[in-house]
Structures are given as structure tokens and as C-alpha cells.
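The structure under discussion appears below in the form of C-alpha cells.
Bear in mind that the values in this text are calculations on the coordinates, not laboratory data. Remember, it's a predicted structure, so these values are computed and weren't measured experimentally. A quick note on method: Cβ atoms are made from the backbone with ideal geometry, for glycine too, and the neighbour counts reach across all protein chains shown.
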Amino acid sequence: MLRTSRRSLPTIMLVLSLFPLLVPAAALASGFVVIANSNVAESSLSKKELQAIYLGEKVKWESKRYIKISVLEDGTVYKNFLQTVLGKTPSQFDQHWVRMVTTGRASMPQSFGESKQVVDFVAGHPNAIGFVAAGQETAAVKTITLK
Amino acid sequence: MKSLLTVLVLLFLTTPALALDLADIEIHGFLSQGYIKTTRQNDFPVSNSGKGSFNFNDFAINFSKEIVPGLRAGLQLLAMDRGSYGNDKVTLDWAFGDYRLTDWLGFRAGKIKMPLGLYNESRDNDALRTFIFLPENEYYDYERDSVNAITGASVYGSVDLGTPGTVNYQLQIGTTPIPVDGASARNYSAYISTVEAPLTTTDIKAGTAFVHHLEWRTPVDGLRTTFSGLHNSFKGTATGIYTDPNTAATTAVNASWKFDKLHRYLFGLEYTFKDLVLAAEYQLDDYTVTAEYHNPLIENFVSKQQSDGWYVSATYRFTDWFELGGYYYEIYADRHHRDGSTFMDIGVGADWQTWQKEKVLTLRFDPIRNLVLKLEGHLIDGTWNMSEYTEASKRNWYLLATKATVSF
């Protein structure tokens with residue numbers, strides 16, 4: 001039976017509360033990591049902020065630079081990212097962006113079939129953001145943790 | 001139209017990816033062809049559907065470009081056919097410049113899609129929904145040309161409220177040019193016509209219109225609500241021939257008419273949980289119709305209209321290639337007399353001509369990416385939405401439709 005002394009409880013709670021900040025949380029169980037160009041000042045985003053970015057609602061970083069979105073259209077990682085962050089299926093996400101584009105409200109996000117292509121795109125485009133399979137991120141980009 | 005079709009087909013056939021990207025100009029579009037059959041006496045929403053019709057299609061191509069970060073411009077050309085209107089005539093569906101200053105503030109100017117309800121902005125593209133026909137109580141095919149877009153300016157943005165969620169807003173002001181040969185004009189003609197004097201609209205002048213739209217993405221995952229409003233007035237002229245019912249003598253009729261103080265409000269609710277999408281909307285219309293006939297044989301009138309309607313829908317995607325959906329809607333010409341006594345009292349028709357209630361089931365197939373096939377059935381009670389009504393029209397009727405859409 002797990003026993004917790006009164007003295008150790010605050011310590012455990014502190015560790016638990018910091019846990020999401022210490023781990024690239026996007027990689028938690030879902031198999032993806034969020035990455036950004038190294039010129040992006042932010043090193044963490046809330047799920048809500050990430051959701052707003054990928055729905056085309058949040059268009060600027062704190063630096064006032066326009067965000068450039070990229071998408072990894074690889075089966076499992078793609079599905080996990082969309083479900084975890086946006087609560088959408090691939091077809092719902094696709095329809096959201098076709099709706100945005102065909103009514104003139106946005107450009108279609110850049111999409112790629114492999115993690116390496118996303119890393120290359122994000123590394124080569126200031127203010128870009130993307131997500132890749134966990135472990136596929138490189139030093140050419142910065143990893144964004146989920147708050 | 002043939003040249004537009006040729007261009008669209010060539011674009012599609014030569015495009016391996018989802019869309020063309022020519023000198024950073026994004027090009028997208030869709031080609032949609034359907035077949036529709038309704039009960040023989042009831043021609044709606046395609047004017048010759050009673051006999052079965054292929055005059056049921058939509059084609060569009062749009063171009064857009066991000067000129068500099070935050071500044072965009074684009075346009076869409078659209079052609080559609082619904083039998084006696086549309087006729088595949090190419091029209092400018094939307095065209096505007098868009099500057100997004102920051103997350104919570106952007107500006108648009110030009111011809112801008114109206115954000116009415118959950119789906120008005122995207123109602124043209126068949127691939128973006130499960131159903132062939134969105135519920136006609138709100139997404140009424142015969143008034144699409146008057147509620148599709150506003151020519152003017154808008155401000156819009158997205159506001160993060162913190163814990164309560166996110167609000168997306170749009171405010172638009174401008175005018176709504178309504179084509180005199182379109183379906184809306186036919187509706188206006190029907191309003192002011194009498195049995196002895198069928199009239200045809202000859203001119204329409206729209207006033208200043210105002211549109212407001214709020215979308216609240218709530219803290220509950222997958223739940224969003226919308227509240228929209230349209231405020232408009234327009235007037236016009238019409239002409240026709242009056243035939244005396246006793247003597248059969250005929251005289252010319254000219255009329256002036258006005259749709260004044262049109263206020264439309266829409267409340268929407270959509271919940272998405274994985275492959276399940278539930279939606280409901282309520283729509284309320286208030287306006288005053290005035291007609292002055294320059295002929296002493298026909299009595300002028302002023303009529304206050306108060307209609308409303310609602311629907312509930314559900315869709316579920318079973319596999320990557322198969323989705324099932326259904327909805328039920330009701331619309332009433334007079335929300336204060338849902339029993340249809342309005343028509344009965346003034347002796348112009350049966351009670352069931354003042355409402356329309358539909359049960360709809362749709363099968364959607366996505367056999368390959370960018371191709372959508374649909375099959376849809378409607379069981380309908382009432383004929384309020386039918387503007388091309390005849391004495392032979394049936395109270396209980398059916399609609400069967402199938403449609404294939406290619407998008408790129």
C-alpha cells in the first residue's frame with residue numbers, strides 16, 4: 001500500500017506540477033513533438049494556444065511575427081496530434097482548412113509526408129511551427145513544450 | 001461555361017497534389033454534378049426535379065495569394081444550375097482583400113462571404129459537409145444569391161478569453177446586390193403576385209446591410225456556439241398582366257414593392273466528439289413586405305412577416321471512406337400561427353402550405369482523396385419553401401438526390 005507522509009506530500013505535488021514543464025509534453029504517449037524555428041522566442045505553448053494556431057485563429061508570435069504553419073501528414077502521428085491538440089479527425093481538420101481557403105480566409109498550411117521534411121521546412125523558415133514523430137527532431141529546430 | 005469547365009477539368013487532371021501553386025498563387029476549386037428526383041408535382045429545390053433532373057451542379061475555382069505576411073487577396077468564380085435559375089452562368093462569388101493586423105483584429109474589403117450560422121460561408125462546397133442539401137429552413141437554396149456575400153467591408157478577429165474559451169467575431173457593412181434573374185427575385189415576385197396577376201421582378205435596389213457574427217469555442221472540447229444576425233432592406237419593381245376572372249379582360253400591371261426592416265437572427269450549436277458531429281440551429285426572421293400596384297383592380301398591401309425554423313443533425317464517420325448523416329427540420333411562415341391558420345383565414349391556401357418539415361438521411365462515400373459521392377433521401381411534409389408552387393403540389397412528398405464532387 002502506498003503511504004505518503006504529510007511532509008513529503010508538498011514535495012510530490014511540486015514535482016507533479018512541474019512535470020509537464022520538464023518534459024516535452026507533446027511527446028507524452030502521443031508520439032509527437034512540437035517544433036519551431038530557432039528564431040521563435042516561445043519555448044512553450046498551452047494546448048489552447050497550439051489549438052488556436054492550427055485553427056488559424058492565432059496568427060502571430062509574441063514577437064508580432066506571423067506564424068507559418070506546417071503539418072506532418074503521416075498516419076499515426078498526424079491522427080494523434082489532431083486528436084490530442086485539436087480534438088479533430090484528419091477529415092475534420094482537412095475540411096476546416098479547405099473551408100478557410102475556399103472562402104478566402106487563409107492559405108493552406110504546408111504539408112509533408114515525412115518528419116525530416118517538416119524539420120527541414122521549419123528550420124529553413126523563420127517563424128515556422130510544425131510537429132514531427134518523437135525522436136525525429138534535430139538541433140536545427142527548437143522543441144516546444146506544452147504547458 | 002464550356003470554357004470554364006474545360007479549364008477546371010484541365011486544372012484537375014494536371015494537378016497531382018491537392019491544389020495548384022502557381023507563382024505562390026493558390027488555386028483550388030470543385031466540380032459537383034448531381035441528379036435529383038422529387039414527387040412529380042413538387043419541383044423543388046431544382047425547378048424541374050419532378051421529372052428527374054441533371055440540372056443540378058456547382059462548379060467553382062478560386063485564386064488567392066499572400067502578398068506579404070498578413071495581407072491576402074483572392075477571388076472565387078462560381079457557376080451553378082438549379083433548373084430555371086443559375087443556368088451555369090459564371091458569377092463572382094467572393095473577391096476581397098484581407099489584412100490581419102493581429103490575432104484579434106483584421107480587416108476585409110470587397111465582396112465577402114456572409115458568416116450566417118454555422119455553415120453559410122462554406123455552403124457551396126459539397127465536399128465540406130455530409131449532406132447534399134443543408135437544412136433548407138436556414139440554408140435555403142432559393143435565397144442563396146441574396147445571403148451569400150456582402151459588398152463592403154468587415155472587421156474580424158479572434159479573442160482569447162482565457163478559461164471561458166475563445167470568441168471569433170465578424171462585423172460586416174455594405175450592400176447585397178441581388179440579381180434580378182435569380183432565385184431570390186423569383187421569391188419576391190411570388191410574394192407580390194396574385195392569382196389574377198402573376199408578376200415578374202424587373203428591378204431590385206438593395207439598401208445598406210449589416211451582418212454580425214460571434215462564434216464561441218467553449219471550454220468544453222468540441223463544443224462551439226454561434227450567434228449571427230443580418231439586417232437589411234431592399235425594394236424593387238415588377239410587371240405583369242392582370243386577367244379579370246369574370247370577363248377575362250386583361251390590363252397591364254406595374255408594381256413597386258419593398259422588403260423593409262429585415263432582421264434575421266441565427267443561433268447555432270455544434271458538438272464534435274471524435275467521428276460524431278451533432279448540430280442544431282434556430283433561425284428567426286422579421287420583415288415587412290409592402291406592395292403598391294399601379295392598377296386600381298389590385299389592392300395594395302402591407303404585411304408583417306414573422307417566420308422561424310430549426311433543425312437538429314447528426315453525422316458519424318464509420319471509416320475513412322464512409323459517413324452517415326441525418327437531420328430533421330421545421331420551418332413556419334408564421335411563428336405565431338404554426339397551425340397554418342394564417343393562410344386559411346385569408347383564404348389563399350391550405351394550412352400545410354405555411355410549413356415545411358423534412359426528415360433526411362445521407363450516405364457519403366470518400367473512395368479516394370478529393371472525390372466524394374453522396375446519396376440522400378428526404379421525406380417532406382408541407383411546401384412553404386417551394387416558390388414555384390402550383391395547385392397540383394402535394395403535401396407529403398419525397399426528394400432523392402445523388403451527387404459526385406471532385407475538389408482540388
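Residues B:Arg217, A:Arg65, B:Arg264, B:Arg395 in ascending order of nearby Cβ atoms (within 10 Å, fewest first): B:Arg395, A:Arg65, B:Arg264, B:Arg217. Once you reduce segment B:93-156 and segment B:369-408 to the center of their Cα atoms, the two points are 22 Å from each other. The eigenvalues of the Cα gyration tensor, multiplied by 5 and square-rooted, give chain B an equivalent ellipsoid with semi-axes of 36, 25, 23 Å from largest to smallest.
For chain B, modelled as a GNM with alpha-carbon contacts under 10 angstrom, which of B:Leu223, B:Leu214, B:Leu101 fluctuates the most? Residue with maximal mean-square fluctuation among B:Leu223, B:Leu214, B:Leu101: B:Leu101. Net charge around A:Ser115, counting only other residues with Cβ within less than 15 Å of its Cβ (Lys, Arg = +1; Asp, Glu = -1)? Residues near A:Ser115 contribute -3 overall.
Within segment B:242-373, the ratio Rg/Rh, alpha carbon atoms throughout and Rh by Kirkwood, equals 1.17. Normalised Debye scattering of segment B:285-353 at q = 0.22, 0.25, 0.26 Å⁻¹ gives log10 I(q)/I(0) of -1.02, -1.12, -1.15, counting only Cα atoms as equal scatterers and leaving out solvent.
Sites listed here are trypsin sites (Lys or Arg not before Pro) in segment B:33-92 whose DSSP assignment is loop and whose Cβ has at most 13 other Cβ atoms within 10 Å: B:Arg40.
Bridging of B:Lys235 to aspartates and glutamates at a Cα separation below 19 Å is possible for B:Glu143, B:Asp145, B:Asp181, B:Asp203, B:Asp260, B:Asp285, B:Asp286, B:Glu292, B:Glu299, once same-chain residues fewer than 8 apart are set aside.
Gyration tensor over the Cα atoms of the protein assembly as shown: the corresponding equivalent ellipsoid has semi-axes (square roots of 5 times the eigenvalues, largest first) of 49, 24, 23 Å.
Candidate cross-link partners of A:Lys68 among the aspartates and glutamates, defined by an alpha-carbon separation under 16 Å and a same-chain spacing of 8 or more, comprise A:Glu42, A:Glu49, A:Glu57, A:Asp120, B:Asp24, B:Glu26, B:Glu66, B:Asp103. For chain B, the longest principal axis of the Cα atoms and the long axis of helix B:183-192 meet at an angle of about 30 degrees.
Among B:Phe322, A:Phe131, B:Phe63, sorting on how many other beta-carbon atoms sit within 10 Å of each Cβ, with the fewest leading, yields B:Phe322, B:Phe63, A:Phe131. Rounded to the nearest 10 degrees, the inclination of helix B:2-13 to the longest alpha-carbon principal axis of chain B is 30 degrees. Looking at segment B:323-408, which GluC sites (Glu not before Pro) are DSSP coil and have at most 11 other C-beta atoms within 10 Å of their C-beta? Passing both the DSSP loop test and the Cβ count: B:Glu391. What is segment B:94-190 by shape, rounded, prolate or oblate, if you read a ≥ b ≥ c off the alpha carbon gyration tensor as root eigenvalues and call it rounded for a/c under 1.5, prolate for a/b larger than b/c, and oblate otherwise? Oblate shape, in that a/c is at least 1.5 and b/c is the bigger or equal ratio. Each Lys or Arg adds one and each Asp or Glu takes one away; over the other residues whose Cβ falls under 12 Å from the Cβ of B:Lys51, this sums to +1. Over segment B:138-208, the fraction of Cα-Cα pairs per 5 Å bin, rounded to whole percents and listed from the shortest bin up, is 3, 14, 16, 16, 14, 11, 8, 6, 5, 3, 2, 1, 0. Sparse packing (at most 16 other Cβ atoms within 10 Å of the Cβ) combined with a DSSP loop state is found for none of the chymotrypsin sites (Phe, Trp or Tyr not before Pro) in segment B:334-382.
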